[in-house]
1. Restricting attention to region 16-27, does a residue exist that is of a type outside the set (Val, Ile, Thr), on the phi > 0 side of the Ramachandran plot and not in a strand (DSSP E or B)?
2. Please state which of the following conditions residue 15 fails to meet, knowing it meets all the rest: (1) farther than 27 Å from residue 82 by Cα; (2) touching a Pro at 6+ places or on another chain (Cβ under 8 Å); (3) polar (S, T, N, Q).
3. Only helices (runs of 4 or more DSSP H) wholly contained in region 179-274 count here; list those with 1 or more residues that are more than 24 Å from residue 131 (Cα to Cα) and of a type in the set (Phe, Trp, Tyr).
4. Which one is modelled with the lowest pLDDT, of the residues in region 50-70 that are over 24 Å from the mean Cα position of the chain (by Cα) and under 19 Å from residue 107 (Cα atoms)?
5. Return the pairs, sorted by first residue and then second, in which the second residue is part of a helix (DSSP H, G or I), the first residue lies in region 260-271 and is basic (Lys, Arg), the beta carbons are less than 7 Å apart, and the residues are 6+ apart or on different chains.
6. Check whether at least one residue in region 108-131 is part of a strand (DSSP E or B), among the aliphatic types (A, V, I, L, M), touching a residue at least 12 places away in the same chain (Cβ under 8 Å) and more than 27 Å from residue 276 (Cα to Cα), and report yes or no.
7. Considering only region 137-155, how many residues are surrounded by fewer than 18 Cβ atoms within 10 Å (Cβ to Cβ) and in contact (Cβ under 8 Å) with a residue 40 or more places away in the chain?
Amino acid sequence: MSRAGLRVGIDLGGTKIEGAVLDPGGRVLIRKRVPTPAGDYEGTVRTVVELIRQVEAGAGGQGTVGIGTPGAISPFSGLLRNSNSVALNGRPLDRDLETALGRPVRLANDADCFALAEAVTGAGAGAGTVFGVILGTGVGGGLVIDRRLQAGPNRIAGEWGHNPQPGETGGRACYCGRTDCVELYLSGPAVAGEYRRSAGMELTAEQVMDRIDGDAVAAAVFDRYATRLARALAVVINILDPEVVILGGGMSNVDRLYEEVPQRWGKWIFSDGVATRLARNRHGDSGGVLGAAWLWPVPEKQAGARSTG
């Protein structure tokens, strides 16, 4: 059976690969997860292709295919770069998948897919300019304008995590070769490290944030974090002036950020008022697979529709 307008999304992670098929209105018809063949590039390609075929069979037809990955394809070499799944680095993942599948695919990194999902059917639905932020093990972002993902000639649009953290000159070394990157101050491991250095105790970022009402050290860590996030996002707002900034990743679960950060960021924003909203994501862990499905152009009549996945 053939069905028009279907969209296939694949979220390629380090431990699992998730596939989903959306109908023309954005409703999830089928989802499936399989383990990622760790360290096996050829096995990963085969697994992705087989998963696409399985979910399409379950949905009753073929669709456009979008794939979210760690890392991104370099426009200069045509090879994947900056993936924490190192077996993918230096490989023409998009071309190999197209060859194996026998039709075109679109590929973007996981932060871009998160931003796109939130812009189309999530917390940014209806907004013209959406900046999506990942605050997790790493820090990344994606920029969506009029429901279309922006990549740029260098394929780095939205990659704010490796800009210098405003106001910090501590010389912290980043794996990327630079110092004092935003990621070193706003990631989950950064929060855990701040607490460990101050309190001499090893806690996760989530545990630190759970203690901010009764632990003076945790409260101080949160205060610094909120100010740093406000300063870093103020730079984004000054350049892009988005209608909404949407937070994802583990640190997005800290309720107090949505009150504190907008109260602080005006100090560094070049305006007499700030209309930009700071919002929590709507799709959670589903953002990657849903955003991948929306990598193909979104018809105007579908804009703002809510996914039921």
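The values are calculated or read from the model by the stated rules, or taken from the named source; none is laboratory data. Since this is a predicted model, take the numbers as computed values, not measurements. Neighbour counts are summed over all protein chains in view; Cβ atoms, including those assigned to glycine, are modelled from backbone coordinates with ideal geometry.
1. Within region 16-27, the first condition is being of a type outside the set (Val, Ile, Thr), and the residues that meet it are 16, 18-20, 22-27.
Subsequent filtering for residues that are on the phi > 0 side of the Ramachandran plot retains 26.
Remaining after also requiring not in a strand (DSSP E or B): 26.
Yes; the residues of region 16-27 include at least one that is of a type outside the set (Val, Ile, Thr), on the phi > 0 side of the Ramachandran plot and not in a strand (DSSP E or B).
2. Unmet condition: (1).
3. Here the list reads 188-199.
4. Of region 50-70, the ones over 24 Å from the mean Cα position of the chain (by Cα) are 50, 53-54, 56-62.
So of that shortlist, the ones also under 19 Å from residue 107 (Cα atoms) come out as 50, 53, 56, 62.
Numbers: 50: 98, 53: 97, 56: 97, 62: 94.
The extreme case among them is 62.
5. The qualifying pairs are 264/226; 264/227; 264/230.
6. Taking region 108-131 and keeping what is part of a strand (DSSP E or B), we get 108-109, 129-131.
Next, only the ones that are among the aliphatic types (A, V, I, L, M) stay: 108, 130.
The next check asks that each one be touching a residue at least 12 places away in the same chain (Cβ under 8 Å); those that pass are 108, 130.
Now restrict to residues that are more than 27 Å from residue 276 (Cα to Cα): none.
No, that holds for no residue.
7. So the count comes out to 5.
Table: residues versus (1) modelled with pLDDT under 95; (2) among the β-branched types (Val, Ile, Thr).
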| site | (1), (2) |
| --- | --- |
| 8 | no, yes |
| 19 | no, no |
| 24 | yes, no |
| 39 | yes, no |
| 44 | no, yes |
| 48 | no, yes |
| 99 | no, yes |
| 109 | yes, no |
| 115 | no, no |
